[in-house]
Structures are given as C-alpha cells and as structure tokens.
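*Asks:* Let me begin by handing over the structure; questions about it come next.
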Amino acid sequence: MREFQGRVVTPGTARAEAVVTHGGFNTLASLQKSLQFGDKTAKCNDQNNPDLYGKPLAGYALCLPQTIGSTTGGMVLYCACAMKRQPACMLFANQIDSLAAAGAILADVWLDDVKMPVIDCLGEEFLEYVKDGMMIAIGEDGKVTVE
C-alpha cells in the first residue's frame, strides 16, 4: 500500500478499482460513442490508446498523465457526469489541463447528484506504481491511497 498527495481540483471521496493509461487520454475519442449510443459502462473507444481501449471507464478510478485532444473534452466530461457514466474519479500524474478542469468543475457545480473527485499533481511515481485492478481510495484532502 502506498499513499500519494495531490491537489484537489474537485472535492469528494471515492473508492474504486484503477484503470491506468500512460499516454494522453483523448476524452472525445474515448467517450463519444459510449455516450452517444447508450453504453452504460462507457467503454473506451480510442483505438490510439492501447492501455484503455475496450475497457469500461464508468465507475473506475481513471489514472492518467493528462488529457489530450479537442476543445470539446471538457464538455464530454460534463456530459458523462450528467449521464452518470463518469469515472469514479480522475487522478492526474501531471497538472490538469484547463479543458478537463472546466468539465470536472462545471459538473461539480451544476450537477447536484453527481460526484467525480479529481486530483492532480500526483507525480510520475504515482503512474509508475499504480496498475489496473488495484483499489484506490481518495480522501477529501487529496490523499490517494493505492492498495
């Protein structure tokens, strides 16, 4: 078991199984088809992300370095939350980008019954340590425990 301290972008607690990518997460390419065609597990559809392709994202702790892609990324995250198909949490090794932050913060502020805690600045050591299937717990203070 290891603990990592990050910065809270959107507050909340969570406990979920990890899914990990070491490449950039293209929000639109990963989630668009799932949201558009009713896949409640929100399987990743980004063929350019071999770490996540075909894996469910809804309800999992998404561990990533950063997001990449178009300016729609924030809106796609917000829509995933509005449709209750969002990851249980998003854990960024690097500093979160403005588009992902916008989507997560808008969902946190505008949606009363949905939570998706987001922690950034966890460091490269976090991504080196965490593996698919590990259990992750997030505290209100930005502490991430990987079991």
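The values are calculated or read from the model by the stated rules, or taken from the named source; none is laboratory data. Fair warning: this is a prediction, and the values are worked out from it, not measured in the lab. So basically every Cβ, Gly included, is an ideal-geometry build from the backbone, and we count neighbours across all protein chains shown. For the accessible areas, the whole protein counts, side chains as well, though only heavy atoms, and no ligand, DNA or RNA atoms are used. Shrake-Rupley method; radii C 1.70, N 1.55, O 1.52, S 1.80 Å.
*Asks:* Which residues, counting only those in the stretch 1-38, are charged (D, E, K, R), touching a Gly at 6+ places or on another chain (Cβ under 8 Å) and closer than 13 Å to Cys89 by Cβ?
*Replies:* First pass over the stretch 1-38, keeping only residues charged (D, E, K, R): 2-3, 7, 15, 17, 33.
Now drop any that are not touching a Gly at 6+ places or on another chain (Cβ under 8 Å), which leaves 7, 17.
Selection gives Glu17 alone.
*Asks:* Here is a further query. Does Thr145 count as part of a strand (DSSP E or B) and not charged (D, E, K, R)? Give the steps one after another, and end with the answer.
*Replies:* Values: part of a strand (DSSP E or B): yes; not charged (D, E, K, R): yes.
In short, yes.
*Asks:* Can you pull out every residue in the stretch 124-147 that is of a type in the set (Phe, Trp, Tyr) and buried (at least 19 other Cβ atoms within 10 Å of the Cβ)? Don't jump to the end; show me each part of the working.
*Replies:* Looking only at the stretch 124-147, we keep the residues that are of a type in the set (Phe, Trp, Tyr), and these are 126, 129.
Scanning the stretch 124-147 gives a single hit, Phe126.
*Asks:* Related question: Being surrounded by fewer than 17 Cβ atoms within 10 Å (Cβ to Cβ) and under 11 Å from the mean Cα position of the chain (by Cα) is the requirement here; does Gln86 meet it?
*Replies:* So Gln86 fails the test.
*Asks:* Return the residues of the stretch 1-39 that are open to solvent by less than 10 Å² (accessible area, probe 1.4 Å) and either without any contact (Cβ under 8 Å) to a residue 40 or more places away in the chain or touching a His at 6+ places or on another chain (Cβ under 8 Å) (or both); say none if nothing qualifies.
*Replies:* Ser30, the sole residue that qualifies.
*Asks:* Could you check the stretch 64-74 and list, in sequence order, the residues that are in contact with a helix residue (DSSP H, G or I) (Cβ under 7 Å, 6 or more places away or on another chain) and either surrounded by fewer than 17 Cβ atoms within 10 Å (Cβ to Cβ) or in a loop (DSSP other than H, G, I, E, B) (or both)?
*Replies:* Kept after step one, since they are in contact with a helix residue (DSSP H, G or I) (Cβ under 7 Å, 6 or more places away or on another chain), are these residues of the stretch 64-74: 65, 67, 69-74.
Hits for the stretch 64-74 are Pro65, Gly69, Ser70, Thr71, Thr72.
*Asks:* Return the residue satisfying two criteria in turn: it lies in the stretch 100-123 and is farther than 22 Å from Asp39 by Cα and without any contact (Cβ under 8 Å) to a residue 40 or more places away in the chain, and of such residues it is surrounded by the fewest Cβ atoms within 10 Å (Cβ to Cβ).
*Replies:* Within the stretch 100-123, the match that is surrounded by the fewest Cβ atoms within 10 Å (Cβ to Cβ) is Asp112.
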